[in-house]
Amino acid sequence: MPFMKLIGTGKSKDIYLADNGDIIFEFTDRVTAFDGAKKAEFLHKGMVCCGLAEYWFKLIEKEGLPTHYEERIGETRMRVANLKILPVEVIWRNYVAGSLWRRFEKGEIRLPEGTDAREGALIPNGMLEFTTKFEVVDRPVSIKEILDAKWMTEKELKHLSEMTNKINDIMFSQLLRKDILLADFKVEFGKTPEGKILLADEVGTPDGCRFWDRHAYIRGEFLSLDKDVFRKNKGDLSQAYLEIYNRITSQG
Ligand code: UDP
């Protein structure tokens with residue numbers, strides 16, 4: 001095993017610095033929700049998230065978008081390039097769920113044009129949102145605040161929005177073939193020393209996406225195969241994570 005120095009522990013991942021300067025992610029079985037207030041561990045979670053992140057990073061690279069993925073180095077480990085992570089998280093929404101629905105119910109926001117005012121409604125052209133990354137509690141931020149704070153240039157913001165839109169197209173269509181609806185997801189980006197923006201952190205895992213079974217949705221039910229199982233006490237998280245893993249990675 002090459003030398004690795006623990007440099008951080010995230011909500012679900014331990015982060016190491018390798019001796020060549022790369023980052024090693026160790027996907028643990030930890031799960032947290034509600035900004036760390038609810039915590040637990042579930043068997044197989046690390047393997048599922050590592051495996052799905054690998055699956056999507058490879059597919060997204062194949063479709064021509066650059067990512068920080070280098071290689072999988074074990075059941076729960078992945079080597080990635082060491083980037084300067086941009087201070088905003090990017091959320092793409094295809095359906096009304098989670099904090100969007102909560103904010104709407106409280107009268108804090110309007111839903112995008114053409115979207116029915118109900119949980120689970122389709123957002124016809126999708127919706128992009130930004131939240132803070134390096135604050136204690138994530139909060140939505142406007143484009144104006146991002147630019148005023150000089151977190152990113154206008155050009156970078158446009159590039160990152162276009163990349164997120166394409167990542168949605170890739171994941172949405174692939175998941176539909178497996179009868180899974182991608183309700184929403186979160187991605188992060190980082191910059192190389194040369195200033196190139198790459199998709200970073202993890203992508204397409206049930207920790208950072210909402211996956212709904214399409215048949216159940218047609219029947220009017222939400223069958224979650226993601227972290228909502230834990231957030232909302234909807235059953236056994238290990239089982240839900242293994243099911244989404246098997247459905248996404250199975251051939252055909
Ligand atoms: N999300 C995430 N990390 C966060 C916040 C959100 O991965 O710190 C994901 C979440 O799993 C969901 C999407 O981003 O797939 C939208 O989350 P939302 O804003 O609805 O917040 P939540 O309901 O998770 O509080």
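Per-structure values
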{"quantity": "Portion, in percent, of the accessible area of the chain that falls on carbon or sulfur, probe 1.4 Å", "calculated": "51 percent"}
{"quantity": "Protection-proxy order for peptides 87-99, 66-78, 5-17, each taking the mean of Cβ atoms within 10 Å per residue, highest first", "calculated": "87-99, 66-78, 5-17"}
{"quantity": "Proximal lysines to LYS166, defined as alpha-carbon separation beneath 20 angstrom and excluding residues fewer than eight positions away on the same chain", "calculated": "LYS58, LYS62, LYS155, LYS158, LYS178, LYS186, LYS191, LYS196"}
{"quantity": "Per residue accessible area of the chain, 1.4 Å probe, in Å²", "calculated": "50 Å²"}
{"quantity": "Computed magnitude of the charge dipole of the stretch 1-111 (debye, nearest 20; Cβ of K, R +1, Cβ of D, E -1)", "calculated": "500 debye"}
{"quantity": "Over the chain: Kirkwood hydrodynamic radius from C-alpha pairwise inverse distances, Å", "calculated": "18.8 Å"}
{"quantity": "For peptides 116-129, 182-195, sequence by mean Cβ density within 10 Å, most packed first", "calculated": "182-195, 116-129"}
{"quantity": "Fully extended contour minus Cα-Cα distance, from ARG139 to ALA40, at 0.36 nm per residue", "calculated": "33.3 nm"}
{"quantity": "Cα gyration tensor shape for the stretch 1-99, rounded if a/c is under 1.5, else prolate or oblate", "calculated": "oblate"}
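The values are calculated or read from the model by the stated rules, or taken from the named source; none is laboratory data. Predicted, not measured: the structure shown is a model, and the values here were computed from it. For neighbour counting, all protein chains shown are included, and Cβ atoms are generated from backbone atoms with ideal geometry for every residue, glycine included. The protein model used for the area step is the full one, side chains on, heavy atoms only, and it has no ligands, DNA or RNA in it. Shrake-Rupley method; radii C 1.70, N 1.55, O 1.52, S 1.80 Å.
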